[in-house]
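Undergrad: A single structure is presented below for examination.
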Amino acid sequence: MLRYSIIKQRNALGKGKKAMFYPRLTGRRNYDLKDVAEMISRRSSLSKADVIATLSALEEIIPEFLTSGYTVKLGELGTFSLHANAQTSPEESQATWRSFRSLITRFRAGKALKISLSHVNFQGFTCTKPCD
């Protein structure tokens, strides 16, 4: 179940605009690699150490593939790809590798993940202090 609260925020598009209300996810918690490994270990015949080793290798391999120009498809989970923000140039000769401003890693959810996320339940939550 995802928790949310209603946030009031000033409209940034212009002066004199009314404040608007929107829902914001709250109460998110973190799971680290060891937590994920523990959960996978409980659902499989692999030991926690085996799963940690596999996930650690995945952490190393995905950046290697991306920086070598590959897209990484992880089945029904989704796809990682690398994109770039670049400065435009009026002439072709001025457009070089130095025109790249930043590299961005994108993740596109696969079919199974999209289906799982389509069945999420929401629970309203009232914050007594700023929510995170």
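Taken together, the values in this text are just the output of simple stated rules run on the coordinates, not laboratory data. Just so you know, these numbers come straight off a predicted model, no measurement behind them. Positions of Cβ are generated from backbone atoms using ideal geometry, with glycine treated the same way; all protein chains shown enter the neighbour counts.
Undergrad: Name the residue that is surrounded by the most Cβ atoms within 10 Å (Cβ to Cβ), counting only residues in region 79-109 that are of a type in the set (Val, Ile, Thr) and either in contact with a strand residue (DSSP E or B) (Cβ under 8 Å, 6 or more places away or on another chain) or in contact (Cβ under 8 Å) with a residue 12 or more places away in the chain (or both).
TA: 79
Undergrad: Can we say residue 76 is out of contact with any helix residue (DSSP H, G or I) (no Cβ under 9 Å at 6 or more places or on another chain) and surrounded by 10 or more Cβ atoms within 10 Å (Cβ to Cβ)?
TA: On the way: out of contact with any helix residue (DSSP H, G or I) (no Cβ under 9 Å at 6 or more places or on another chain): no; surrounded by 10 or more Cβ atoms within 10 Å (Cβ to Cβ): yes.
The answer is no for residue 76.
Undergrad: Counting just the residues of region 4-42 that are under 24 Å from the mean Cα position of the chain (by Cα) and basic (Lys, Arg), which one comes out nearest to residue 125 (Cα to Cα)?
TA: 24
Undergrad: Within region 43-64, count every residue that is surrounded by 14 or more Cβ atoms within 10 Å (Cβ to Cβ) and either polar (S, T, N, Q) or over 17 Å from residue 33 (Cα atoms) (or both).
TA: The qualifying residues number 0.
Undergrad: The conditions are (1) under 21 Å from the mean Cα position of the chain (by Cα); (2) farther than 30 Å from residue 3 by Cα, and residue 53 fails exactly one of them. Which is it?
TA: Among (1) under 21 Å from the mean Cα position of the chain (by Cα); (2) farther than 30 Å from residue 3 by Cα, the lone unmet condition for residue 53 is (1).
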